[in-house]
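Heads up: the structure comes next, in structure tokens.
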Amino acid sequence: MATFLVILHGLLAVVLLGGITHQAMSIALPSRNKSGIFRSFRAVSGTVYTNANIALFLAVTILGSIIYPTYRIAVRTYLENARLYGATGSFELKEQFVAVGLGMLPLYWLLWRRPPEDGGKPARIAVTLILCFIVWYGFLVGHVLNNIRGLFGL
Amino acid sequence: MNMEKVFPIFAAAFAVIYILAVEFNWALFTYHPKIGEWGWLAQPARTGPPMYWYGWLATSLLGASSLSLIACPLVGRRPAQYWLGWLVPLVVMLTFCYLFRDFFLR
């Protein structure tokens, strides 16, 4: 069951990664020209991603919190015994960043709901970029830890 | 309730209360994963390691919601302070990096 949930957690994280990165690029480096893949990537309407990103962030966090006890008992103990303190610390940071991200979700929703001309554009850019960073960091750390024995030949 | 003014305060309060909850272990409840038991507030380890993360989240949610409701009438006609909602969480994230530096410096 835990393996199924980890895979589902990872798959939903990939979808979230795509959605939040598209949105972050569309607001931080906007483009009106859709010629070429990079410009097309940035030329999307960021607003349409908001609700999906929030739902995915919550779903990925809930799934993560369900499988967290398995990590705490089996994986973290292994990491500590193997003296992989950097790996343990990376996960500790991941859980704190995700928690901070959860608290930002209502503001993120609000900032994307209102017109950017009303003075909230810098905050919209900042909140989206911070959430994008949290999602990327969480994804990379989770992915590396999930495969740590294979990646480092342990 | 004016969401424009309250949500930035909520984001900032959540981040600050969360880091305080982690640092001083103000967990509203504790989970003991090895025996599958829950307990109120921060409890010491029973069999296996205790988990406080859920409790820290609950503390932060409760604290930030209360603070936002209290702040609601106080902000009055002042314009929405959106910067609070991203700058404070960003500083909290950087503070976490500093607090957890020992993991990476061993």
Grab the Cα-Cα distance for A:I37 and A:K121, subtract it from 0.36 nm times how many residues apart they are, and report the gain in nm with one decimal.
27.7 nm
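Tally Lys and Arg at +1 and Asp and Glu at -1 over the other residues with C-beta under 13 Å from the C-beta of A:Y78: what net charge comes out? Intermediate values should be presented prior to the final figure.
On the way: positive: A:R72, A:R76, A:R83, A:R149; negative: A:E80.
Once positives and negatives cancel, what remains is +3.
Mind checking the mean number of beta-carbon atoms from other chains within 10 Å of the Cβ atoms in B:3-10?
Values: counts 6, 6, 0, 3, 9, 8, 1, 6.
Average neighbour count from other chains, rounded to a whole number: 5.
Run through the stretch A:48-154 and list the trypsin sites (Lys or Arg not before Pro) located in a DSSP loop whose Cβ has at most 14 other Cβ atoms within 10 Å. Provide the component values of the computation, followed by the final result.
Working: sites: A:R72, A:R76, A:R83, A:K94, A:R113, A:R124, A:R149; in loops: A:R83.
Listed in order of number, the matching sites are A:R83.
What is the interface area between chains A and B, defined as buried accessible area summed over both chains with a 1.4 Å probe, reported in Å² to the nearest 100?
Values: alone 8960 and 7460 Å², together 13390 Å².
Approximately 3000 Å², summed over both chains.
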On the accessible surface of chain A, probed at 1.4 Å, how many percent belong to carbon and sulfur atoms?
67 percent
Output the 0 to 90 degree angle, nearest 10, between the alpha-carbon long axis of helix A:121-146 and the longest principal axis computed from the alpha carbons of chain A.
20 degrees
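For the protein assembly as shown, with every protein chain kept in place, what is the accessible area per residue (1.4 Å probe, Å²)?
51 Å²
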Debye-sum result for the stretch B:3-104 in log10 I(q)/I(0), which assumes one identical scatterer on each alpha carbon, at q = 0.22 Å⁻¹:
-1.07
Ignoring solvent entirely, what values of log10 I(q)/I(0) come out of the Debye formula for the protein assembly as shown at 0.07, 0.12, 0.13, 0.15 Å⁻¹ when each Cα is a single scatterer?
-0.26, -0.77, -0.89, -1.15
Using only alpha carbon pairs under 8 Å that are at least six residues apart, calculate the relative contact order of chain B and give it in whole percent.
38 percent
Taking H placed 1.01 Å from N in the peptide plane, check which residues at least 5 places from B:E37 or on another chain put their amide H under 5 Å from its amide H.
B:H32
Sum of -39500 (n - 2.57) over DSSP H runs of 4+, divided by residues of chain A (222 nm, nearest 500):
-26000 deg cm²/dmol
When all alpha-carbon pairs of the stretch A:49-154 are counted, what percent fall beyond 24 Å?
34 percent
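All other residues with a Cβ under 10 Å from the Cβ of A:R42 taken together, and with Lys, Arg as +1 and Asp, Glu as -1, what is their net charge?
On the way: positive: A:R32, A:K34, A:R39; negative: none.
Residues near A:R42 contribute +3 overall.
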Can you give the angle from 0 to 90° between the axis of helix A:2-28 and the longest principal axis of chain A, with both taken from C-alpha atoms, to the nearest 10?
30 degrees
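The values are calculated or read from the model by the stated rules, or taken from the named source; none is laboratory data. Not measured: the values here are computed from a predicted model. We place every Cβ from the backbone using ideal geometry, glycine too, and count neighbours over all the protein chains shown. Only protein heavy atoms, including side chains, enter the accessible area calculation; ligands, DNA and RNA are left aside. Shrake-Rupley method; radii C 1.70, N 1.55, O 1.52, S 1.80 Å.
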